[in-house]
There are 2 protein chains.
Amino acid sequence: MSAQLDSWNDGAVKRAIVDFVTRVTTPNAPAFVPPADRIAVFDNDGTLWCEQPVIQLAHVLQRWEEMATQNPALRDQQPWKAAVDKDMTWFRTAITKHYGGDESDMPALAKGVLSAFAGLTTDEFAKRVAAFFKTAAHPKLKRLFRDCGYAPMVELLRFLEAHGFTNYIVSGGGRDFIRQIAGEIYGIPQERVIGSSTSIAFREQGDGGDLLMQAKLDVFDDKAVKPARIWSRIGKRPILAAGNSNGDIPMLQFANTPARPALRLLVLHDDAAREFDYVSGAEKSLALAKQYGWTVVSMKDDWTTVFA
Amino acid sequence: MSAQLDSWNDGAVKRAIVDFVTRVTTPNAPAFVPPADRIAVFDNDGTLWCEQPVIQLAHVLQRWEEMATQNPALRDQQPWKAAVDKDMTWFRTAITKHYGGDESDMPALAKGVLSAFAGLTTDEFAKRVAAFFKTAAHPKLKRLFRDCGYAPMVELLRFLEAHGFTNYIVSGGGRDFIRQIAGEIYGIPQERVIGSSTSIAFREQGDGGDLLMQAKLDVFDDKAVKPARIWSRIGKRPILAAGNSNGDIPMLQFANTPARPALRLLVLHDDAAREFDYVSGAEKSLALAKQYGWTVVSMKDDWTTVFA
């Protein structure tokens with residue numbers, strides 16, 4: 001059964017995954033879960049692909065530069081200023097502060113994010129994102145963003161599918177952004193991508209119409225919002241949840257219920273040689289993993305390779 | 001190909017359905033649509049099952065009576081008063097006024113609906129609804145609500161599935177209410193039910209947690225909200241949309257785009273002998289059906305039988 005997890009080193013983590021899948025898929029076993037209830041949810045940034053820097057940020061940065069060129073008044077306001085100055089430290093700090101509970105940079109960042117694509121149709125936005133992924137590359141890893149998915153996690157997705165699971169992405173990142181690439185990288189179709197979004201409004205036009213993006217937050221799919229969105233979209237609790245940061249804690253907790261087994265995975269970025277080495281934004285989740293026995297995945301020790 | 005639509009009389013409507021499905025599923029034909037894009041969306045109340053009275057109302061009425069017994073101060077307020085007095089006219093009028101654009105009874109009705117189950121977990125609510133459907137019956141049709149699905153529409157769902165379509169419910173009714181019965185009546189799984197909902201909030205409890213229903217509207221999935229929710233959940237436009245009232249107009253418009261064919265169905269309740277005969281709340285949608293050539297399904301003329 002474990003043969004398909006070739007990018008995973010033999011060890012406690014791989015064993016925990018295989019044992020869990022065996023337990024819930026063995027007919028007549030006490031822990032058996034019917035296929036329709038084998039729901040697995042995966043955070044995206046830092047869990048399925050890199051998050052240093054957050055990939056969606058590169059797409060928004062392009063747009064902010066474009067906006068500041070068209071409207072120079074934006075040049076002295078954050079986040080347009082940081083975008084034009086290529087000041088990545090400002091963004092990294094804002095994100096790290098957020099995961100630590102300090103939201104002081106969030107209003108400016110949110111305003112920038114929300115206004116970036118307001119007025120476009122969802123169809124136009126999809127085209128922009130698809131074009132972005134054709135050429136945009138990671139600044140440090142020197143590979144296309146579309147090649148930044150973690151090979152062992154993609155293997156895990158296939159392994160779970162082969163055992164009757166249905167995989168969903170549940171991301172703090174943009175739903176309509178991820179949808180443009182989730183099929184190619186992860187084999188996850190658009191309807192199984194749950195994520196953050198701006199409001200969209202229907203514009204009637206004769207016998208048709210389209211959806212316009214609004215400069216207004218609809219859902220920020222992070223922390224306690226993740227379990228609520230999982231229920232909203234799926235109507236079931238997951239039995240497997242994978243994340244890598246404090247923002248994933250409620251989702252991992254939600255997978256647990258006395259009625260049946262659950263596997264919670266937490267990806268630990270401890271591999272400076274092949275990816276990155278950091279725990280900032282994950283301190284609380286790592287402490288809870290220790291306290292409750294969640295399965296911590298060490299990129300360094302548990303993965304034979306990081307990228308395909 | 002049409003053999004499976006046995007409850008549909010031969011005629012223009014059945015022909016329109018079969019012709020459309022043939023066009024979009026014939027390989028190499030100009031109108032061919034790949035299976036992944038064969039999305040069909042169905043309103044529920046009045047389209048897939050009866051809406052006179054709205055079935056969910058019977059469930060809420062039970063709860064309002066229970067609440068008024070526990071708290072007699074509610075006895076003189078709407079909608080608790082109408083519930084205790086079994087005054088169905090008040091509710092029918094409120095709904096009819098809503099579909100006509102008069103929202104004057106909506107605040108009281110909304111307050112009653114939103115507070116009815118506040119504080120329950122989503123798991124507790126699901127159990128209540130499942131119990132309701134075991135015994136609750138239609139007051140005029142004298143059949144269980146679970147037997148109130150329209151047989152020709154259920155046949156249509158199976159016919160579409162057999163041709164590679166994926167069916168969704170997109171209802172103004174309650175998402176978590178419909179989810180408890182959509183599998184049994186329609187063969188539509190929980191994750192493909194889109195509907196209205198109250199907010200739900202995660203309550204952390206040790207290494208687990210659950211979702212509590214809030215006395216606050218999250219989504220009223222009607223009119224222009226329907227296309228937005230379809231996009232939010234599926235990330236695609238439907239190619240087939242079926243409704244029966246003014247609340248379904250934007251959803252039917254959204255299915256139309258110059259890029260590929262679309263079928264829009266509007267169920268007309270013109271069958272006093274077997275179901276009901278009314279157009280209230282559907283006046284505008286019927287006018288648009290005439291203007292744009294949407295396919296109007298006459299219950300009386302197009303269906304050999306209404307219920308299984």
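The values are calculated or read from the model by the stated rules, or taken from the named source; none is laboratory data. As the structure is a computational prediction, the values presented were derived from the model and not from experiment. Positions of Cβ are backbone-derived with ideal geometry, glycine not excepted, and every protein chain shown enters the neighbour counts. When the accessible area is computed, the model is the full protein with side chains, heavy atoms only, and any ligands, DNA or RNA have been set aside. Shrake-Rupley method; radii C 1.70, N 1.55, O 1.52, S 1.80 Å.
If you go through region B:57-70 one residue at a time, do you hit one that is in a loop (DSSP other than H, G, I, E, B) and either surrounded by fewer than 22 Cβ atoms within 10 Å (Cβ to Cβ) or not basic (Lys, Arg) (or both)?
No: zero hits.
What's the number of the condition A:Leu217 fails, among (1) surrounded by 17 or more Cβ atoms within 10 Å (Cβ to Cβ); (2) among the aliphatic types (A, V, I, L, M); (3) closer than 30 Å to B:Met251 by Cα?
Among (1) surrounded by 17 or more Cβ atoms within 10 Å (Cβ to Cβ); (2) among the aliphatic types (A, V, I, L, M); (3) closer than 30 Å to B:Met251 by Cα, A:Leu217 violates only (1).
Among the residues of region B:149-157, is there at least one that is away from chain A (no Cβ under 14 Å), under 20 Å from B:Ala83 (Cα atoms) and modelled with pLDDT of 95 or more?
Within region B:149-157, none of the residues are away from chain A (no Cβ under 14 Å), under 20 Å from B:Ala83 (Cα atoms) and modelled with pLDDT of 95 or more.
Condition test on A:Ser232, is it within 25 Å of A:Asn246 (Cα to Cα) and at the interface with another protein chain (Cβ under 9 Å from one of its Cβ atoms)?
Working: within 25 Å of A:Asn246 (Cα to Cα): yes; at the interface with another protein chain (Cβ under 9 Å from one of its Cβ atoms): yes.
Judged against the criteria, A:Ser232 is a match.
I need the full set of residues from region A:205-229 which are facing another protein chain (nearest Cβ under 9 Å), touching a Gly at 6+ places or on another chain (Cβ under 8 Å) and part of a loop (DSSP other than H, G, I, E, B), in order please.
Answer for region A:205-229, where residues must be facing another protein chain (nearest Cβ under 9 Å), touching a Gly at 6+ places or on another chain (Cβ under 8 Å) and part of a loop (DSSP other than H, G, I, E, B): just A:Lys223.
Report yes if some residue within region B:178-193 is surrounded by fewer than 18 Cβ atoms within 10 Å (Cβ to Cβ), in contact (Cβ under 8 Å) with a residue 12 or more places away in the chain and at the interface with chain A (Cβ under 8 Å from one of its Cβ atoms); otherwise report no.
Checked region B:178-193: no residue is surrounded by fewer than 18 Cβ atoms within 10 Å (Cβ to Cβ), in contact (Cβ under 8 Å) with a residue 12 or more places away in the chain and at the interface with chain A (Cβ under 8 Å from one of its Cβ atoms).
Looking only at region A:246-274, how many residues end up being open to solvent by 10 Å² or more (accessible area, probe 1.4 Å), away from chain B (no Cβ under 14 Å) and not in a strand (DSSP E or B)?
3
Just need a number here: residues in region B:1-26 that are at pLDDT 95 or above and open to solvent by 90 Å² or more (accessible area, probe 1.4 Å).
Quick first cut of region B:1-26, residues at pLDDT 95 or above only: B:5-26.
Narrowing the set further to residues that are open to solvent by 90 Å² or more (accessible area, probe 1.4 Å) leaves B:6, B:10, B:15, B:23.
Within region B:1-26, residues that are at pLDDT 95 or above and open to solvent by 90 Å² or more (accessible area, probe 1.4 Å) number 4.
Mind telling me which of the residues A:Gly235, A:Gly243, A:Gly281 ends up being closer than 24 Å to B:Arg192 by Cβ and surrounded by 16 or more Cβ atoms within 10 Å (Cβ to Cβ)?
None of the others qualify; the one that does is A:Gly235.
Output the number of the condition that A:Thr89 fails; it satisfies all remaining conditions of (1) among the hydroxyl-bearing types (Ser, Thr, Tyr); (2) over 28 Å from A:Ala182 (Cβ atoms); (3) touching a residue at least 12 places away in the same chain (Cβ under 8 Å).
Of everything listed in (1) among the hydroxyl-bearing types (Ser, Thr, Tyr); (2) over 28 Å from A:Ala182 (Cβ atoms); (3) touching a residue at least 12 places away in the same chain (Cβ under 8 Å), A:Thr89 misses just condition (3).
Checking B:Ser245 against (1) in contact with a Gly (Cβ under 8 Å, 6 or more places away or on another chain); (2) on the phi > 0 side of the Ramachandran plot, which single condition isn't satisfied?
Condition (2) is where B:Ser245 drops out.
Of all residues in region B:198-212, which are buried (at least 21 other Cβ atoms within 10 Å of the Cβ) and farther than 15 Å from A:Lys226 by Cα?
B:Thr198
Given (1) touching a Phe, Trp or Tyr at 6+ places or on another chain (Cβ under 7 Å); (2) in contact (Cβ under 8 Å) with a residue 24 or more places away in the chain, identify the lone condition not met by B:Ala68.
Evaluating B:Ala68 over (1) touching a Phe, Trp or Tyr at 6+ places or on another chain (Cβ under 7 Å); (2) in contact (Cβ under 8 Å) with a residue 24 or more places away in the chain leaves (2) as the failure.
Check A:Ser199, A:Ser171 and return the single one that is in contact with a strand residue (DSSP E or B) (Cβ under 6 Å, 6 or more places away or on another chain) and either more than 21 Å from A:Met106 (Cα to Cα) or facing another protein chain (nearest Cβ under 10 Å) (or both).
Result of the check over A:Ser199, A:Ser171: A:Ser199.
Taking into account only those residues within region B:114-125 that are open to solvent by less than 20 Å² (accessible area, probe 1.4 Å) and not hydroxyl-bearing (Ser, Thr, Tyr), which is farthest from the other protein chains (Cβ to nearest Cβ)?
Going through the qualifying residues, I end up with B:Ala116.
Taking region A:202-252 on its own, how many of its residues are among the acidic types (Asp, Glu) and touching a residue at least 60 places away in the same chain (Cβ under 8 Å)?
2
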